[in-house]
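The values are calculated or read from the model by the stated rules, or taken from the named source; none is laboratory data. Not measured: the values here are computed from a predicted model. Virtual Cβ from ideal backbone geometry, glycine too; neighbours counted across all protein chains shown.
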C-alpha cells in the first residue's frame with residue numbers, strides 16, 4: 001500500500017454556512033462540492049486548494065461522531081485523508097501489520113468515494129481517512 005495524495009483535511013464546524021462564508025471572505029475560495037452524507041451523519045463542503053481539499057463538516061445531529069467531537073473538543077481539525085488506489089488492499093495491508101482500524105470494510109463517502117478510517121491511537125493521535133476515488 002502506498003499513499004497517493006493528500007485528498008483532504010477535514011475541519012469540524014458548528015455552522016457550515018458561516019464557515020463557507022469565512023473561507024470565501026478571507027481566502028477567496030468556495031466549495032466545489034456540497035452534499036449531505038447521511039451514512040456519515042454529516043453535511044460537507046469540499047473547498048479545492050491546489051490538488052487537495054479542505055473539507056468542512058458539520059453534524060446532522062449531536063449524536064453522530066462529528067457531533068460528539070464538536071461537543072467534546074469544539075471546532076477544529078477532525079482528520080486527515082489520504083487517497084489510495086485500492087481501499088481493500090489498503091485495509092488488508094493495515095490489518096496484516098496490526099494497525100488499529102475503525103473500519104475493516106469500506107463505507108460510502110462524499111463525491112462517490114469509498115472510505116475507511118484508521119483509529120487515532122494507531123499512529124500519532126491523528127484520525128486518518130483512506131479514500132478511494134471513483135473511476
Exercise. Which one is modelled with the highest pLDDT, of the residues in the stretch 31-48 that are out of contact with any strand residue (DSSP E or B) (no Cβ under 7 Å at 6 or more places or on another chain) and surrounded by 13 or more Cβ atoms within 10 Å (Cβ to Cβ)?
Worked result: 48
For this session: Give just the number: which of (1) part of a helix (DSSP H, G or I); (2) in contact with a helix residue (DSSP H, G or I) (Cβ under 9 Å, 6 or more places away or on another chain); (3) exposed (fewer than 14 other Cβ atoms within 10 Å of the Cβ) does residue 94 not satisfy?
Result: (3)
Problem set entry | Answer residue from the stretch 118-132, given it is in contact with a helix residue (DSSP H, G or I) (Cβ under 9 Å, 6 or more places away or on another chain) and surrounded by 16 or more Cβ atoms within 10 Å (Cβ to Cβ) and is nearest to residue 97 (Cα to Cα) among those | 122
Exercise. Is it the case that residue 79 is touching a strand residue (DSSP E or B) at 6+ places or on another chain (Cβ under 7 Å) and surrounded by 18 or more Cβ atoms within 10 Å (Cβ to Cβ)?
Worked result: yes
Exercise. Looking at this structure, is residue 30 under 14 Å from residue 129 (Cα atoms) and without any contact (Cβ under 8 Å) to a residue 24 or more places away in the chain?
Worked result: no
Problem set entry | Count of the stretch 1-26 residues which are over 19 Å from residue 80 (Cβ atoms) and exposed (fewer than 15 other Cβ atoms within 10 Å of the Cβ) | 9
Exercise. Looking at the stretch 17-27, is at least one residue assigned to a loop (DSSP other than H, G, I, E, B) and at pLDDT 95 or above?
Worked result: no
For this session: Go through (1) free of Cβ contacts under 8 Å to residues at least 40 places away in the same chain; (2) more than 26 Å from residue 2 (Cβ to Cβ); (3) buried (at least 19 other Cβ atoms within 10 Å of the Cβ) one by one and return the number of the condition residue 58 breaks.
Result: (1)
Exercise. Quick one: in the stretch 67-78, which of the residues that are more than 19 Å from residue 38 (Cβ to Cβ) and outside any helix (DSSP H, G or I) is nearest to the chain's Cα centre (by Cα)?
Worked result: 77
Problem set entry | Conditions (1) part of a loop (DSSP other than H, G, I, E, B); (2) in contact (Cβ under 8 Å) with a residue 24 or more places away in the chain; (3) under 17 Å from the mean Cα position of the chain (by Cα); number of the one not met by residue 99 | (3)
